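Take a look at the structure set out below.
The values are calculated or read from the model by the stated rules, or taken from the named source; none is laboratory data. Model, not experiment: these values are computed from the prediction. Cβ sites come from the backbone with ideal geometry, for glycine too, and all protein chains shown count toward neighbours. Heavy atoms of the whole protein, side chains included, go into the accessibility calculation; ligands, DNA and RNA do not. Shrake-Rupley method; radii C 1.70, N 1.55, O 1.52, S 1.80 Å.
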Amino acid sequence: MGEMHVVLRHRDIPDLHDLDVYVAHGGYAQLKRAVTTMQPAEVLDIVKASGLRGRGGAGFPTGLKWSFCPRDVYPKYIVVNNDESEPGTFKDHELTLRNPHQVIEGAALAAYAIGAQAVYIYCRGEFWQEMKVLEAAVARARAAGWLGQRLHGTDYTCEVYVTPGAGAYICGEETALLNSLEGELGQPRLKPPFPAVAGLYARPTVVNNTETLANVPPIVEKGAAWFKAIGTEKSPGTKVFCLSGHVERPGNYEVPLGTPFEDLMALAGGVWKGRALKAIMPAGASSPVTPAAKLAGLPLDWERVAAAGSTLGSASFIVLDETTDMVWVADKTTRFFQHESCGKCSPCREGTYWLKQVYRRLVAGQGTAADVDLIGDIARQIDGKCFCPLGEFALSAPRSTLQLFREDYDRAAAGAAAQNGQAHA
Amino acid sequence: MGTLQTTFPAEIQAAIANYPPGRQASAVLRLLYLAQAAYGHLTPEAIDEVSGILHMDPTQVRGVAGFYTLFLEHPHGGYVVQYCNDLPCALRGADDFLPVVAEKLGCRPGETSADGLFTLECVMCLAACDHAPMMQVNLEYVLDLTPEKLDALVAEWRAKAAANPPRRPPFGFGPPSEMAAPHG
Ligand SMILES: Cc1cc2nc3c(=O)[nH]c(=O)nc-3n(C[C@H](O)[C@H](O)[C@H](O)COP(=O)(O)O)c2cc1C
Ligand code: FES
């Protein structure tokens, strides 16, 4: 199976970021058609029937999420999650820079479907360039009458605002994002209530990932049946896979869900330097490593990657070749999560700190066999005890590498033993 | 009126207009970026001015400023270089390239060069792992780094700085949007 560009359409259409080009290729026509000829419920039903699932990590059915918003509570909000901070993820970066109008039109269609009149696109603070592009795109679309007050002579209004984060991974978690957007510390909220009931300013709010929403205009245009015919029954459509690490040609590859692992790797030229594959992390730093043996022939969809012991998440494939030291990998991810722990709950805040100390010793050649055992002990203190999933994300790499590549840990500990031996000799 | 309000009066209004009436606290991140641009870094006066404009408790604004990595609480060089050595970039040699960056800028990670021009920081994933080694300089992406590319850039930055001392601080969120209709 090869590439198929439903959201990365700019790869086939030059200058698609330009409003005129986007409109010439059918852009904003679906929003106009929806607002002028369709009921909001019809738009919602198409998206529900398409089986579209969230591309931000959890794979939750998008139409179902929209339908959780109570009907008669106003105002409502659509929030676009453009925080993209999971190590190894860079698809929303490309989408917003190169195909911003499709994201905006998708968000506006979502707004129409749930009865929201305002969209906030929350961008991680480092997306300074992306924010400029998005703001310019919104301004042009608005000036041309595609967005704004009383659209196409109806009484439906849709305003789109770009709003910045300022450097915090946790703000990708939807309730932390909402707190950040309200001017609070970007820490998660207790759920329930879910954002659909009480989100931004305690109003019904749908938070969707950038890529999720970019799928909406083509779905509304071509219909649910078209979309369902791509991908697999439970995971329809395409997915942008971000390939990083030890591949020949790192980058984004959009393929139908269910594409076999080998086909995807072939698009990127395979493992670099002609080396063998050791493992991948299929959903960035927060996912358990999946060893090469489990990847052979694996169709890439949410169900089957989960059955292989990991998670597809946002499909950020960090590729690790045969030379990779898994202790070093887990040290890197541990440092990330320790840095990004928001500090709200102590198992995550303290636990990631202690994990980091252990890994620092191990990679410095000062660790011992007792340190290796300590990793499991610390993990047990974190697991199931955290306020939000970040704490468990931090355990994915340490636990899975320890379980699958114990020899790397033994080597690290033995290195320390040898050094100690020399010191005493 | 404080330095922020005299420097960016229109930008402040435009920033607040992005949010519904009474929800001006939502503009705190935008205003902190502006304050950082006006004051150089987030001094206590900068925090107080932002709190005053948004009718927020200064303690809350201080907390918010401290929570995020892009807010600077100390003076920095004119060019803040945020070099990524997180896992995906490191798999493609980012750790090995770091000493090259440090040498060319004349400062180690966490430090500012003696001429005050560069501050080097090692940061987490910047969502451009397919272009490692990479960095952001005052929030602009610099991708696919090589020693030659870095030499050329450093020369360019030095020349620019000689003609026109780089404005401290390096980044502020640019002129905010006047795009969507202001709320209210
Ligand atoms: C720690 C953490 C970080 C997250 N980061 C992101 C992110 O950067 N982008 C994103 O879209 N979703 C992220 N999510 C998932 C969001 O909470 C939410 O599920 C998602 O935005 C829903 O959109 P979707 O249904 O369209 O996938 C994160 C979740 C957690 C727990
Ligand atoms: S790891 Fe460096 S940009 Fe992602």
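Restricted to the range A:73-84, and to residues there that are over 11 Å from A:Asn208 (Cβ atoms) and more than 7 Å from ligand 1 (Cβ to nearest atom), the residue that is farthest from the other protein chains (Cβ to nearest Cβ) is A:Val73. Hey, among the residues in the range B:113-124 that are away from chain A (no Cβ under 14 Å) and touching a Phe, Trp or Tyr at 6+ places or on another chain (Cβ under 7 Å), which one's farthest from A:Gly245 (Cα to Cα)? Top of the filtered list is B:Leu117. Figure legend. Inter-residue proximity from the range B:113-142: first residues in the same structural domain as B:Tyr83 (by TED's automatic domain parsing) and without any contact (Cβ under 8 Å) to a residue 24 or more places away in the chain, second residues among the small types (Gly, Ala, Ser) and near ligand 2 (Cβ under 9 Å from one of its atoms), beta-carbon distance below 7 Å, spacing 6+ or different chains. Indicated pairs: B:Asp130/A:Ser244; B:Tyr141/B:Ala128.
Whenever a residue of the range A:395-414 is of a type in the set (A, V, I, L, M, F, W, C), its partners that are open to solvent by 60 Å² or more (accessible area, probe 1.4 Å), lying with C-beta atoms within less than 6 angstrom and at least six residues away or across chains, give the pairs A:Ala413/A:Ala369. Kindly provide the set of residues from the range A:102-129 that are over 18 Å from the mean Cα position of the chain (by Cα) and either within 16 Å of ligand 2 (Cβ to nearest atom) or not in a helix (DSSP H, G or I) (or both), ordered by number. Once the filter is applied, which keeps residues that are over 18 Å from the mean Cα position of the chain (by Cα) and either within 16 Å of ligand 2 (Cβ to nearest atom) or not in a helix (DSSP H, G or I) (or both), the range A:102-129 yields A:Gly115, A:Ala116, A:Gln117, A:Ala118, A:Val119, A:Trp128, A:Gln129. Among the residues of the range B:79-116, those that are within 16 Å of ligand 2 (Cβ to nearest atom), under 22 Å from the mean Cα position of the chain (by Cα) and outside any loop (DSSP other than H, G, I, E, B) comprise B:Val81, B:Gln82, B:Tyr83, B:Cys84, B:Cys89, B:Ala94, B:Leu98, B:Val101.
Across the range A:61-85, what is the number of residues that are open to solvent by less than 20 Å² (accessible area, probe 1.4 Å) and charged (D, E, K, R)? Number of matching residues: 3. Of all residues in the range A:208-255, those that are over 30 Å from A:Thr36 (Cα atoms) and either more than 16 Å from ligand 2 (Cβ to nearest atom) or part of a loop (DSSP other than H, G, I, E, B) (or both) total 13.
Which residue is farthest from ligand 2 (Cβ to nearest atom), if the candidates are limited to the range B:125-136 and must be facing chain A (nearest Cβ under 7 Å) and buried (at least 24 other Cβ atoms within 10 Å of the Cβ)? By that ranking, first place goes to B:Asp130.
Among the residues of this structure, A:Ile46 does not count as one that is out of contact with any Gly (no Cβ under 9 Å at 6 or more places or on another chain) and modelled with pLDDT of 95 or more.
Residues that are free of Cβ contacts under 8 Å to residues at least 24 places away in the same chain and within 7 Å of chain B (Cβ to nearest Cβ) within the range A:148-165 comprise A:Gly148, A:Gln149, listed in sequence order. As a summary of the residue check, A:Pro70 satisfies the conditions (1) in a loop (DSSP other than H, G, I, E, B); (2) within 14 Å of ligand 1 (Cβ to nearest atom) except for the one numbered (2).
From the list B:Ala46, B:Ala65, B:Ala35, the one residue that fits, being modelled with pLDDT under 95, touching a helix residue (DSSP H, G or I) at 6+ places or on another chain (Cβ under 9 Å) and either assigned to a loop (DSSP other than H, G, I, E, B) or not basic (Lys, Arg) (or both), is B:Ala35.
Is at least one residue of the range A:199-209 open to solvent by 40 Å² or more (accessible area, probe 1.4 Å), under 19 Å from A:Pro389 (Cα atoms) and in contact (Cβ under 8 Å) with a residue 24 or more places away in the chain? No, the range A:199-209 has no match at all. Look through A:Asn99, A:Asn81 and report the one residue that is more than 16 Å from ligand 2 (Cβ to nearest atom), at pLDDT 95 or above and closer than 26 Å to A:Gln338 by Cα. That would be A:Asn81, the only listed residue that is more than 16 Å from ligand 2 (Cβ to nearest atom), at pLDDT 95 or above and closer than 26 Å to A:Gln338 by Cα. Can you find even one residue in the range A:128-147 that is buried (at least 22 other Cβ atoms within 10 Å of the Cβ), facing chain B (nearest Cβ under 7 Å) and at pLDDT 95 or above? There is at least one residue in the range A:128-147 that is buried (at least 22 other Cβ atoms within 10 Å of the Cβ), facing chain B (nearest Cβ under 7 Å) and at pLDDT 95 or above. The set of residues in the range A:277-303 being more than 14 Å from chain B (Cβ to nearest Cβ) and either part of a helix (DSSP H, G or I) or open to solvent by less than 10 Å² (accessible area, probe 1.4 Å) (or both) consists of A:Thr290, A:Ala292, A:Ala293, A:Lys294, A:Leu295, A:Leu300, A:Asp301, A:Trp302, A:Glu303. Among the criteria (1) touching a Phe, Trp or Tyr at 6+ places or on another chain (Cβ under 7 Å); (2) not in a helix (DSSP H, G or I), the one A:Val327 does not fulfil is (2). Within the option set A:Ala34, A:Ala58, A:Ala49, A:Ala24, being open to solvent by 10 Å² or more (accessible area, probe 1.4 Å) and over 25 Å from the mean Cα position of the chain (by Cα) holds for one residue only, A:Ala24.
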